[in-house]
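Since the structure comes first, as structure tokens, the remarks are kept for the end.
The values are calculated or read from the model by the stated rules, or taken from the named source; none is laboratory data. On a predicted model such as this, the values are computed, not experimentally measured, just so you know. Please note: Cβ atoms are built from the backbone with ideal geometry, for glycine as well, and neighbour counts cover all protein chains shown. Keep in mind that these areas ignore ligands, DNA and RNA; they rest on the heavy atoms of the full protein, side chains included. Shrake-Rupley method; radii C 1.70, N 1.55, O 1.52, S 1.80 Å.
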Amino acid sequence: AEWALEERAAAQQAEQARSLDEIRAVVAEDERIRVLALQAAIDSIEKWRLSTERDLQANQALLEEEAERRTAALEAALESERRRRDAAEVALREREAASTTEGARAEAIRTALEDEQARRRAAER
């Protein structure tokens, strides 16, 4: 009877050990699944980060190209405005010179008329 009790106790211990091993196996499998899920989440976040970084770099390149294009357009407009201003200054100087020439011509004609009138008066006397 004692031997049967010992054998029964040994069988119960073996059963408990198997149950503990099964519980440990389930816990280990659960932990492995959690680790895989976390790794998948980390991988997904890393892919998103890389994709976002590429998008940001592409957007930055587009912004830089747009800034260069606008700068070139502004520089061209500025150069065009400088040429227009230079041409206007030349035209103004030409008008001033023509005006001065016309003024001198008018003065010469006035002087010639006055001289002619003075000669006529002298001739009439």
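Condition check ((1) open to solvent by 100 Å² or more (accessible area, probe 1.4 Å); (2) touching a residue at least 24 places away in the same chain (Cβ under 8 Å); (3) among the charged types (D, E, K, R)) across all residues:
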| site | (1), (2), (3) |
| --- | --- |
| 24 | yes, no, yes |
| 29 | no, no, yes |
| 32 | yes, no, yes |
| 43 | no, no, yes |
| 47 | yes, no, yes |
| 51 | no, no, no |
| 54 | yes, no, yes |
| 58 | no, no, no |
| 62 | yes, no, no |
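The single residue among 4, 41, 58, 37 that is modelled with pLDDT under 95 and in a helix (DSSP H, G or I) turns out to be 4.
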